[in-house]
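Asker: This is the structure I have questions about; it appears just below.
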Amino acid sequence: MNPAQQKFHQFILERVQEDKMDEVQELLKESFQKQVDKSFDQAYLLEFMPRMKACLKPEHVVEVEQIMKEFGGKFTR
């Protein structure tokens, strides 16, 4: 994991429902690997967002959604 990924990883884990922790760990691992493989694209991001949102504590959904949309807006691949 690069430093930006580590920061995002920690940020997300602090906002995840306890019973969804393993699922989120796998989802983050998958997304980081796709970034390394250069297969992370807009289509994957659109699939990733709802999967991640479903695992968040309700009070953090809007916050994380805004951050992911901001990332997606800068995404050019």
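Asker: What FRET efficiency do you get for E70 and E30 if R0 is 25 Å and r is their Cβ-Cβ distance, rounded to the nearest 0.05?
Answerer: That gives a FRET efficiency of 0.75.
Asker: Now, a different point. Mind pulling the angle between the C-alpha long axis of helix 3-13 and the longest principal axis of the chain? Nearest 10 degrees, somewhere in 0 to 90.
Answerer: It works out to around 30 degrees.
Asker: If you project the alpha carbons of region 3-76 onto their three principal axes, what span does each projection cover, largest first, in Å?
Answerer: Dimensions of region 3-76 along the principal axes of its Cα atoms: 31, 22, 21 Å.
Asker: Give the cross-link partners of K53 among the aspartates and glutamates, using a straight C-alpha distance below 20 Å as the criterion and excluding same-chain residues fewer than 8 apart.
Answerer: Within the straight-line limit of under 20 Å, K53 reaches these aspartates and glutamates: E14, E18, D19, D22, E23, E26, E30, D41, E63, E65, E70.
Asker: Which angle between 0 and 90 degrees, to the nearest 10, do you get for helix 42-53 versus the longest principal axis of the chain when only C-alpha atoms count?
Answerer: Here the helix axis deviates by roughly 10 degrees.
Asker: Report, in degrees rounded to the nearest 10, the 0 to 90 angle that the Cα long axis of helix 61-74 makes with the longest principal axis of the chain.
Answerer: 10
Asker: Another question about this same structure. Counting heavy atoms of the protein chains only and a 1.4 Å probe, report the per residue accessible area for the chain as a whole number of Å².
Answerer: 66
Asker: Taking amide hydrogens as modeled 1.01 Å from N in the peptide plane, which residues meet the under 5 Å criterion relative to V16, leaving out close sequence neighbours?
Answerer: It is K57, by chain and number.
Asker: Can you give me the distance in nm between label points at Q5 and H60, each placed 7 Å from the Cα along the Cα-to-Cβ direction?
Answerer: Inter-label distance under the simple model: 2.0 nm.
Asker: Next question. Per DSSP H run of at least 4 residues, take -39500 (n - 2.57); add these up for the chain, divide by its residues and hand me the 222 nm value, nearest 500 deg cm²/dmol.
Answerer: Working: 4 runs with 54 residues, N = 77.
Rounded to the nearest 500, it is -22500 deg cm²/dmol.
Asker: While we're on this one: Calculated FRET efficiency, Y44 and E14, Cβ-Cβ r, R0 25 Å, to nearest 0.05?
Answerer: It comes out at approximately 0.60.
Asker: Taking Cα pairs under 8 Å and at least six residues apart, what relative contact order does the chain come out at, in percent?
Answerer: The normalised contact order for the chain reaches 36 percent.
Asker: For the chain, with all protein chains present and a 1.4 Å probe, just round the carbon and sulfur fraction of the accessible area to a whole percent.
Answerer: Carbon plus sulfur share of accessible area: 53 percent.
Asker: Which of the trypsin sites (Lys or Arg not before Pro) across region 1-73 are loop residues per DSSP, with 10 or fewer other Cβ within 10 Å?
Answerer: K38
The values are calculated or read from the model by the stated rules, or taken from the named source; none is laboratory data. Since the structure is predicted, the reported quantities are computational estimates derived from the model, not experimental observations. Glycine also receives a Cβ, built like all others from the backbone with ideal geometry; neighbour counts cover every protein chain displayed. Only protein heavy atoms, including side chains, enter the accessible area calculation; ligands, DNA and RNA are left aside. Shrake-Rupley method; radii C 1.70, N 1.55, O 1.52, S 1.80 Å.
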